[in-house]
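Read-outs: derived from the displayed coordinates by stated rules, not from any lab. Nothing here was measured: the structure is a model prediction, and the numbers come from that model. For neighbour counting, all protein chains shown are included, and Cβ atoms are generated from backbone atoms with ideal geometry for every residue, glycine included.
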Amino acid sequence: MTFEKLKWGITAVVLGVFLAASGNAQQTHKAARPAAKAEAPAYQVGIEPRAIEILKAASARLAAAQSMSFTAVVSYESPSRLGPPLIYSTKSEVTLQRPNKLRVITLGDGPPSEFYYDGKTMMAFAPKENLVAVADAPPTLDAALEAAYVEGAIYFPFTDVIVTDPYKDIADGLKLAFYIGQSIVVDDTTTDMVAYITGDVFVQAWIGTEDKLPRRIYAVYLNDRARLRHVLALTNWKLDVAVSADTFASPQAASASRIAFARPDATDAPGMKPPPKMQEKTQ
């Protein structure tokens, strides 16, 4: 064997040993890699005690008030031919005296309207047209609100705020509830934000940390394919203040031309929808 052949033979052996060692090292390195982590299970939201505590506190504060007044501004989305929804708003001045008196003065946008309930009768008044619909009413506020919707398709987006037991209406269909955090933006006060699903409605609520009063309610109906949004802003709260006896009547409405207290022909008018329980009773 010549020196050159010997040299190339040694080189081949060394190269072979190096490649083998390198291959073993790579295999060892691959084997040493940690196994891929298992995917984390999907986050499951339940009913958080803190969220329930906040909702119950707000309900108790509202239920305990013998009288209240507030301003309700409702903004709701309505489909448009362009694709993106249009936003409409209404503003209502609300005065309530328990157990069975309510006045709602609704201003623009849209035609103005007035609603009066005194424990015996309810009146729906259209001041621009000078038309009024009058009907006998149940002796309790909750029953009167239901009758107004069933008989005349009158629904107020703030109904859940003024009923006798606001939390009961939430709890009856409650599926989940969780605490989000605090905000200092809404109505220039500190609020606790909670979200919950009751029935087929997803709700996010901003509730005053100190006074326990609702300041904003955001709702999306889950069975609505367009997922249109409805926002209720509640301001100018006054609880347990003296209310004049003539607050729940209107001489102008009483003297207006009478029309039947009945549901209008249009059943698909845009606006915030009533709770599912009210809808079911009209079908």
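Among PRO214, LEU102, THR189, flag the residue with its Cα farthest along the positive direction of the charge dipole of the range 49-272, charges on Cβ as +1 for Lys/Arg and -1 for Asp/Glu.
Checking the options against the dipole of the range 49-272, the answer is THR189.
Given the range 172-257 reduced to its alpha-carbon atoms as identical point scatterers, what log10 I(q)/I(0) does the Debye formula return at q = 0.21 Å⁻¹?
With one equal scatterer per Cα and no solvent, log10 I(q)/I(0) is -0.97.
Say R0 is 25 Å: what FRET efficiency, to the nearest 0.05, do ASP211 and LEU176 get from their beta-carbon distance?
The calculated FRET efficiency here is 0.45.
Kirkwood Rh, the range 52-181, all Cα pairs: how many Å?
16.4
For the range 75-99 and the range 155-192, compute the distance between their C-alpha centroids and round to whole Å.
If you average the Cα positions of each part, the centres end up 17 Å apart.
Among ASP192, ASP142, which comes first, second and so on when ranked by fewest other beta-carbon atoms within 10 Å?
Ascending Cβ contact count within 10 Å gives the list ASP142, ASP192.
How far apart, in nm, are the 7 Å Cα→Cβ label points at SER89 and LEU239?
Roughly 2.6 nm, to one decimal.
For the range 64-146, run through the trypsin sites (Lys or Arg not before Pro) and keep only the ones in DSSP coil with at most 16 other Cβ atoms within 10 Å of their Cβ.
Filter output for the range 64-146: ARG81, LYS120, LYS128.
Starting from a Cα-only point model with no solvent, please compute log10 I(q)/I(0) by Debye for the range 49-272 at q = 0.10, 0.17, 0.18 1/Å.
Log10 I(q)/I(0), no solvent term: -0.47, -1.36, -1.48.
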